[in-house]
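In what follows, a single structure is set out as C-alpha cells and then discussed.
The values are calculated or read from the model by the stated rules, or taken from the named source; none is laboratory data. Not measured: the values here are computed from a predicted model. We place every Cβ from the backbone using ideal geometry, glycine too, and count neighbours over all the protein chains shown.
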C-alpha cells in the first residue's frame with residue numbers, strides 16, 4: 001500500500017462516516033496544537049478567559065452540533081466540509097469572528113452571547129424533530145443524572161459538581177447518554193475508535209459511568225495543576241466543546257431520524 005492508498009483508505013473514505021485509528025491519532029495531535037495556539041492567540045488579543053466568557057461561547061458549541069446534524073439530514077449543509085473534523089474550522093471561524101466583532105465593534109463582552117444565540121436560533125429553525133421518543137429518552141436520562149450530581153454537590157459542598165465544573169461534566173454526559181440511547185433503542189452505531197472499544201468490551205451502558213469518571217478526573221486534575229484561573233477556564237471549555245457538540249449532534253440526529 002503506497003502513501004496515496006493509505007491516505008484514501010484511512011482518511012478520505014471514512015470521512016464523516018467513521019474514524020480509523022491513524023485518523024484519530026492525527027486529529028488528536030492537530031486538536032492539541034490548535035488548543036495551544038488558540039489560547040496564546042486569545043492572550044495576545046488580551047481577551048480574559050473568565051467563567052462568564054466561557055458561558056458566552058456555549059451557543060457556538062451548540063451551533064457546532066446543530067450544523068453537524070443538519071449536514072446528516074442534508075439540510076442547508078451538504079458538503080463534506082461540514083462533517084468532522086473540517087466542521088471545527090468552520091465553527092471556529094464563526095466564533096472567532098464574533099469575538100472580534102464584540103470586542104472591537106460593540107466593545108461589550110455580552111455581545112458574543114447575543115451573536116451566538118442569534119446564529120443558533122436561525123439554524124434551529126431548520127431542525128425538524130420527527131422521533132419525539134428519542135428526544136424524550138435522552139433529555140430525561142441526561143437531566144436526571146445531572147440533577148442528582150448537582151444536588152450531591154449542594155448537599156455535600158462538592159465543588160466538582162458546581163459552577164463551570166458541572167457544565168463541563170453535563171456536556172460530557174450528554175454525549176454519553178445520547179450515544180447510548182441512540183445505539184440501544186434506535187439502531188445507531190458508534191463512530192469513534194475509543195468509544196467503540198469501551199462499548200464493545202464493557203457494554204454500551206458502561207459508556208455513561210466511564211464518561212462521568214473521566215470528566216470528573218480531568219476537571220480535578222485541571223483544578224489541581226493549572227497555573228492560572230484563565231488556564232483552568234480554558235481547559236474546562238475544551239471539555240465542554242468535546243462533549244456538548246457531539247451530544248447535541250447525537251440528540252438531534254436521533255430526534256430527526258437521520
Query - Filter pass, residue 198 being closer than 21 Å to residue 17 by Cβ, at pLDDT 95 or above, within 21 Å of the chain's Cα centre (by Cα) and surrounded by fewer than 20 Cβ atoms within 10 Å (Cβ to Cβ) - result: yes
Requested in this report: Give the residue that is surrounded by the most Cβ atoms within 10 Å (Cβ to Cβ), with candidates limited to residues of region 170-195 that are farther than 28 Å from residue 59 by Cβ and at pLDDT below 95.
Outcome: 193
**Report entry** Close pairs from region 200-217: first farther than 17 Å from residue 150 by Cα, partner surrounded by fewer than 16 Cβ atoms within 10 Å (Cβ to Cβ), Cβ under 7 Å, at least 6 apart
**Finding:** 204/184
Requested in this report: Confirm whether residue 120 is surrounded by 15 or more Cβ atoms within 10 Å (Cβ to Cβ), in contact with a helix residue (DSSP H, G or I) (Cβ under 9 Å, 6 or more places away or on another chain), modelled with pLDDT of 95 or more and over 24 Å from residue 173 (Cα atoms).
Outcome: no
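In region 120-153, which residues are within 16 Å of residue 63 (Cα to Cα), in a helix (DSSP H, G or I) and without any contact (Cβ under 8 Å) to a residue 40 or more places away in the chain?
Scanning region 120-153 gives 121, 122.
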Report task. Inspect all residues belonging to region 148-162 and state whether any of them is within 23 Å of residue 64 (Cβ to Cβ) and touching a helix residue (DSSP H, G or I) at 6+ places or on another chain (Cβ under 7 Å). Result -> no
Report summary line: The helices (runs of 4 or more DSSP H) lying entirely within region 1-89 that contain at least 3 residues which are without any contact (Cβ under 8 Å) to a residue 24 or more places away in the chain and more than 23 Å from residue 194 (Cβ to Cβ) are 3-7, 21-44
Report task. Could you grab me the full set of residues in region 95-108 that are surrounded by fewer than 16 Cβ atoms within 10 Å (Cβ to Cβ) and either at pLDDT 95 or above or in a helix (DSSP H, G or I) (or both)? Result -> 96, 97, 100, 101, 104, 105, 106
Query raised in the report: Can you tell me which of 130, 167, 160 is surrounded by 14 or more Cβ atoms within 10 Å (Cβ to Cβ) and modelled with pLDDT of 95 or more?
Result: 167
Query raised in the report: From 184, 190, which residue is free of Cβ contacts under 8 Å to residues at least 60 places away in the same chain and not in a helix (DSSP H, G or I)?
Result: 190
